[in-house]
Every structure is written in C-alpha cells, then in structure tokens.
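Some notes on the structure that comes next.
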Amino acid sequence: MKHRLSAEDRAALLRQHLDDGVPLARISSQADIPLRTLQRWTAEFRACGSVEALVRQPRSDRGSHSLPPEIVGAIEGLALRRPAPTIAFIHRRIGDVALDRGLPAPGYSTVRAVVAAIDPGLRTIALEGDAAYRDRFELVYRRTASRANEQWQCDHTELDIEIVDAGGARARPWLTVVLDDYSRAVAGYTVFTGAPTALQTALALHQAVQRKKHPAWPVMGLPDLLYSDHGADFTSTHLDRVCLDTHIRLIHSLPGVPQGRGKIERFYRTLTDGLLPHLPGFIPHGTRGIPVTAPTMTLEQLDTALERFIVDEYNQRTHSETGEIPTARWQAGGWIPRMPARPEDLDLLLLTVAHQRIVHRDGIQFNGLRYLDLTLSAFVGESVTIRYSPRDMAEIRVWHQDTFLCRAIAPELAAGSVTFKQLKAARSARRNELKKQLRTKLSLADALPADDRYAAPASAEPAETGGRPADPKRHRLRTYAED
C-alpha cells in the first residue's frame with residue numbers, strides 16, 4: 001500500500017503542508033493516502049517534533065499466539081528434523097495431534113510463525129551441523145597486526161586458470177602467497193604445478209624474507225609470527241626448524257576453521273577478479289572447470305604476469321580496508337626490518353632438499369654444470385652438502401659437516417640468473433638440435449650412389465647346365481688335373 005512509506009517520505013509529504021501550506025486534502029488526492037492517515041501523521045509529528053514519530057510501529061501482538069506449550073514444542077521439534085519438513089507437512093501433522101488431544105487445530109499461518117521464530121543458530125545446528133553453525137554464528141577473533149612484519153599469513157590456492165606444462169599437457173597451477181598482515185602487501189609467492197608441498201612453502205618464504213631485485217618491491221625481513229594453514233606442508237619438521245632457527249613464531253589455524261586467514265583469501269579474490277580474466281585459459285565460476293579460451297601460457301609466463309600484477313598493481317593500489325597503499329604502509333616510519341643473523345640461515349628456506357657431492361679439482365659437478373669457489377680448494381676429495389634454488393641455477397650453497405662454506409658459482413651462468421627449468425629446456429633443445437643435424441647428415445650419406453668399386457663382376461653367361469642355371473645346392477664330383 002502507498003501509505004506504508006518510510007519515515008523520511010512521510011516527513012517530506014507533511015512538509016508540503018507545514019512549510020508550504022498545501023492542504024492535506026490535496027496531498028491526499030495526489031499521493032493516494034487517506035486524509036485521516038495524513039491528519040494522524042501530522043498530529044504525531046507535531047507532538048514529537050522529530051521524524052522518529054513517523055516510523056511505522058510494529059503490531060503489538062506480532063509473533064504472539066495462544067497455542068499450548070506442548071503444541072509449540074511439537075511444532076519446533078518437527079521443524080528441526082532432518083531433512084527439514086515443509087510447513088504444510090508440519091501443519092497437517094500438528095492438526096492431527098491437536099485433535100487427538102482435544103485441542104483446537106492451529107492455522108497454517110500460526111504454524112509458520114512458530115517455525116519462523118525458532119532461533120537461527122538452533123536451526124542451523126539441527127539441519128546443517130556444527131561446522132555450518134561455527135562458520136555463521138561463532139565469534140571469530142581476527143588478530144590485527146599493529147606494525148609491519150609483526151605477522152605474516154601464508155596459504156595455497158588452486159588458480160582458476162589452465163596453462164600448458166613442460167610436456168605440452170594442460171594443467172591447473174597452484175599459488176602460494178606470503179602476505180603481511182599489517183600493510184596487506186605481498187611479501188613473497190611461488191607458482192607451481194602439482195600438489196602443494198613444504199618445498200613450495202619454503203620457496204615462497206625464501207623470496208619473502210630476502211631483498212627483492214625489483215626496486216618497487218621493498219617488502220623483506222623476518223616476521224615475528226607466521227600464521228598458516230594446518231596442512232602437512234605447513235606442519236613439517238623442516239619448516240618448524242627454520243622458524244626456530246630464525247626466531248619466527250609459527251601458528252596454525254584450527255583444522256577446518258579457516259576464518260582467521262580472511263585477509264589472504266581476500267587477496268586471492270582480488271587476483272581472480274583483477275588478473276586471471278585477462279589471461280588465456282581463464283576458468284570462470286559455473287563453467288565446470290572448462291576455460292573460456294584455450295590455454296597457451298607456460299608456467300614461466302604466468303609467473304611473470306603474477307609478479308607484474310603483484311608489484312606494479314596490487315602493492316601500489318590503495319587498499320579498501322586500510323585506506324593506504326600497501327608498500328607505503330609497510331615502509332611508513334622508517335623502521336629497519338629484522339634480517340637473519342647469518343646469510344646462510346636464509347638458505348635453509350631453499351626449495352630443494354640437500355644433495356651430497358664430492359669436491360673435485362675442477363669444482364663441484366651438479367646437473368651437468370661445474371661450480372667453483374676458492375674456498376673449495378681446501379676440500380678437494382671431501383663430501384659436501386649442496387642446496388640450490390630453482391629460480392637461479394647460477395650458484396649453489398655448500399656445507400661441510402653442517403658448517404656453511406661458500407656459494408659456488410657456475411661460470412657459464414654467472415652473467416645472469418637461469419632457472420632449473422630453463423636449464424633443462426636449453427639442454428633438451430641442444431640435444432634435439434644435435435639429433436636433427438645427425439638425421440640430416442645421415443640422410444645425405446644415404447642418398448649417395450652405391451660404392452661398387454670392389455664388387456665382384458657379374459658373370460656374362462650362365463653355367464653350362466643344359467640351358468638351366470646351376471643349382472648352388474647340388475653337389476658336383478670333384479676332379480683333379482691328373483684325372
């Protein structure tokens with residue numbers, strides 16, 4: 001009905017009468033509101049002097065009924081069964097119960113009102129279970145950091161995009177992100193194919209802690225607290241040891257309770273809405289995992305696109321919650337981030353597991369490359385432990401009996417950084433090129449005319465065997481010169 005207007009709309013109509021002198025009868029005909037209703041609104045407004053007097057009051061008897069408590073309890077008990085019955089079923093069932101007990105049967109609207117008045121939390125527990133109740137109604141303590149690097153969040157997500165892997169097949173990549181809780185700036189990340197492991201987490205943390213080569217990406221240092229999922233990769237012994245050695249407090253969310261990681265989940269939504277739809281192979285929601293365009297990007301190309309989006313867009317854009325640019329908020333105050341006491345402590349966060357190698361006179365041989373450093377001259381013939389980062393194969397880290405020795409350099413790659421996949425791809429391309437050359441040269445050799453310089457001459461006449469060729473299998477009588 002038109003007279004069910006808001007308090008502000010009612011006040012606007014009354015001001016035409018009170019301020020401009022428009023008769024209520026004219027306002028009644030124009031707004032199609034009864035004159036008695038306008039007169040009542042005018043009296044209420046003059047008595048109170050504020051718009052609150054025009055707020056429509058709910059009925060005093062709303063939600064009340066005269067049903068006996070046992071009937072109300074029976075209605076609520078039926079409504080809380082699994083699966084949830086319809087109101088019509090409850091109405092018919094309660095009508096039968098009321099008649100059996102000699103009570104008047106409640107109306108359909110009364111039964112519906114009783115069901116609607118059930119506590120939403122109680123209804124959620126009964127029909128959907130404890131997990132749904134916890135996600136909707138339990139209080140969540142979202143700890144907010146008071147300064148940069150006080151708390152970092154780390155988590156994985158499967159990206160809504162398909163790429164082309166090294167074998168030419170389609171694959172859904174995963175992304176691991178380390179986010180600073182205070183500034184919302186991304187401190188580090190890694191993108192990969194396959195299931196998340198502690199190795200991928202270590203690579204993302206290694207990038208987050210170390211100084212970035214990109215000048216517009218200042219986030220670095222060690223956090224005081226690392227908040228992560230309760231997955232096996234985050235609860236590994238290796239990660240526990242790294243956090244212990246670098247004085248990082250590691251905290252896991254409760255199993256099945258991810259609400260505390262809402263800030264990093266929000267970054268994933270920003271990435272899904274802001275970057276992935278512009279890339280080939282994007283998978284929109286509701287397409288059953290089918291991309292709208294054929295995937296053409298490789299993992300390295302996706303990595304480049306992610307870094308450009310994080311460094312140039314997300315970290316430089318004003319955040320809607322903090323009202324500040326993430327990198328500017330992280331740098332505010334001119335503070336100095338806490339770094340590892342020794343540079344080699346950071347190498348414990350490297351992606352790969354340790355490898356054992358023997359130091360030769362020409363250095364350390366690893367993956368077909370030769371790594372050199374003057375420190376190795378005193379350890380020729382000794383067994384050492386090496387670690388490396390797949391993002392840069394130009395150097396390896398060397399330990400001897402749990403003591404850090406040096407960083408050995410590969411002279412062939414020293415001019416720049418080469419990833420492990422690029423190295424394997426270059427080797428494969430070189431091997432394929434050599435095989436192609438080999439096939440070409442062999443085909444040229446096969447095309448040459450046959451060499452018959454030393455071939456036995458073919459006989460001009462067939463042997464005298466009565467006009468028939470001699471049978472090589474037939475034995476002939478041997479004769480001598482004296483015969």
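Among strands (runs of 3 or more DSSP E) entirely within region 369-442, having at least 3 residues that are at pLDDT below 85, outside the structural domain of A202 (by TED's automatic domain parsing) and within 34 Å of the chain's Cα centre (by Cα) singles out 383-389, 392-400. The residue that is modelled with the highest pLDDT, counting only those in region 236-251 that are out of contact with any strand residue (DSSP E or B) (no Cβ under 6 Å at 6 or more places or on another chain) and of a type outside the set (A, V, I, L, M, F, W, C), is H247. Residue under question is G188, and the condition is that it be touching a strand residue (DSSP E or B) at 6+ places or on another chain (Cβ under 8 Å) and without any contact (Cβ under 8 Å) to a residue 40 or more places away in the chain; does it hold? Yes; evaluated as a whole, the condition is true for this residue. T190 passes every criterion in (1) more than 14 Å from L302 (Cα to Cα); (2) surrounded by 24 or more Cβ atoms within 10 Å (Cβ to Cβ) apart from (1).
Number of residues in region 80-91 that are among the hydrophobic types (A, V, I, L, M, F, W, C) and within 14 Å of Y108 (Cβ to Cβ): the value is 4. Out of D229, D233, one residue alone is assigned by TED's automatic domain parsing to the domain that holds T322, at pLDDT below 75, within 12 Å of Q153 (Cα to Cα) and among the charged types (D, E, K, R). It is D229.
The residues of region 171-206 that are of a type outside the set (G, A, S), at pLDDT 90 or above and either outside any strand (DSSP E or B) or more than 17 Å from the chain's Cα centre (by Cα) (or both), listed by number, are R172, D181, Y182, R184.
The values are calculated or read from the model by the stated rules, or taken from the named source; none is laboratory data. Since this is a predicted model, take the numbers as computed values, not measurements. Using ideal geometry, Cβ is built from the backbone for each residue, glycine included, and neighbour counts are taken over all protein chains shown.
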